[in-house]
Amino acid sequence: MKATLPAVALCLLFAVPAFAKEVEVAGVKYPETAKVGDKELKLNGVGLRKKFVVKVYTVGLYLETPSKDAAQVLAADESKRVRMYMLRDLDKKTITEAIVDGFKKNAGAKMPALQERLNTFTAEIPDLKKGDELILTYIPGTGTQIQSKKEGEKISVAGKDFADALFSVWLGKDPVDDGLKDGMLGKD
């Protein structure tokens, strides 16, 4: 009996990592993995977007191949996901203006080739209330999908070039928030 108890305790100790863990930011829990098609993406990092002192949203970045290098993340033609959780109400106009601004800053000379797809994408962004989620997923060969938890999957926008410009809003050379970028890259 005495030998069995330590053996059981040892087994339980090693079994704990097998259970899914979560990372929490501003009270929002992000699971360590996300399933996209037949791929299991790993949580690369999380962050909190603040505008002045107001907490706007949290975000988790999921990747096939985790990396702390933004250029590597953008260059990889692998599935990736940004999961945003709203900490306050945001109307469609506010959300789209912020995304378009970040998109244009990072797309540069590629903007004319991306404009029509950006218009299609932003037309599908809904008003979001506190507690709503917006999930942006790039799948190679399929495109970038926009999904809100309350409305389900809406559209897919073709092209890795579009996904690169969109993910650059958070991870590009001119991100919406440097601290948020560092959090998403797991540098915090």
Among the candidates V73, V100, V157, residue that is closer than 24 Å to V25 by Cβ, within 18 Å of the chain's Cα centre (by Cα) and among the aliphatic types (A, V, I, L, M): V73
I'm checking my understanding of the structure. Among residues of segment 76-100 that are of a type outside the set (S, T, Y) and in contact (Cβ under 8 Å) with a residue 60 or more places away in the chain, which one is surrounded by the fewest Cβ atoms within 10 Å (Cβ to Cβ)? D77
Hey, could you check segment 21-37 for residues that are free of Cβ contacts under 8 Å to residues at least 24 places away in the same chain and either surrounded by fewer than 12 Cβ atoms within 10 Å (Cβ to Cβ) or charged (D, E, K, R) (or both) and say which is nearest to I139 (Cα to Cα)? K35
Pairs please, first residue from segment 107-131 and at negative phi and of a type in the set (G, A, S), second anywhere and at pLDDT 95 or above and not in a loop (DSSP other than H, G, I, E, B), Cβ atoms under 8 Å, 6+ apart in sequence or on different chains. A107/L114; A107/A165; A107/S168; A113/D161
Restricting attention to segment 50-62, does a residue exist that is hydroxyl-bearing (S, T, Y), in contact with a Lys or Arg (Cβ under 6 Å, 6 or more places away or on another chain) and assigned to a strand (DSSP E or B)? yes
Note on segment 111-130: residues surrounded by 13 or more Cβ atoms within 10 Å (Cβ to Cβ) and modelled with pLDDT of 95 or more are M111, A113, L114, Q115, R117, L118
Got at least one residue in segment 147-165 being of a type in the set (S, T, N, Q) and in contact with a helix residue (DSSP H, G or I) (Cβ under 9 Å, 6 or more places away or on another chain)? no
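The values are calculated or read from the model by the stated rules, or taken from the named source; none is laboratory data. All of these numbers come straight from a predicted model, not from anything done at the bench. Using ideal geometry, Cβ is built from the backbone for each residue, glycine included, and neighbour counts are taken over all protein chains shown.
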